[in-house]
Amino acid sequence: MQFLFLSLLALGIVGVDQLVKYLIVANIPLYGQAPLVPGIIKLTYVQNTGAAFSMFQGMQWLFMVIFAALTVLLIFEYFKKPLPFTKFERFCIAAIYGGGLGNMIDRVALGYVVDMFQTEFITFPIFNVADIFITCGCILLMVHVAFFNKSFWKEEKK
């Protein structure tokens, strides 16, 4: 039952991500801008063939290999050798995976990722909904495992 819930969560994230990307592409021309929260964030439609700050530009194969490996590892971990993750940590992993899948769909279908959120108060890469879930999921997962999941760090008694 938990696997079904986590799968639906990841698919919901993909759905929201793809809907926002569709709306941006349909309503803002490439490199066009529209205010979202004046002085804080604006919508800027860009096509990103790399990662943050355009790192690994044009290396779509690398992202596909990493995502495929992550998929295999997650399935193996969940069904064959589960780690002592809490429900909250698995929620974070589903958020990370959903974001990754949203971006992977763009990479396979379009050859680039649609990005749209541009901060105005700080120099930061333009990002999308999937990136938000990946980043927040990673931060919350690391903090929770490091400080709140005592069973994750216990050594197995033999």
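Side notes on the structure shown:
- Residues satisfying the stated conditions in segment 65-78, i.e. more than 12 Å from residue 101 (Cβ to Cβ) and either at pLDDT 90 or above or of a type outside the set (Asp, Glu) (or both): 65, 66, 69, 72, 73, 75, 76, 78
- Residue that is nearest to residue 95 (Cα to Cα) [pool: residues in segment 137-158 that are in contact with a helix residue (DSSP H, G or I) (Cβ under 7 Å, 6 or more places away or on another chain) and part of a helix (DSSP H, G or I)]: 137
The values are calculated or read from the model by the stated rules, or taken from the named source; none is laboratory data. Because the structure is predicted, anything quoted here is derived from the model rather than measured. Methodologically, a virtual Cβ is constructed for each residue, glycine included, from the backbone with ideal geometry; neighbour enumeration extends over all protein chains shown.
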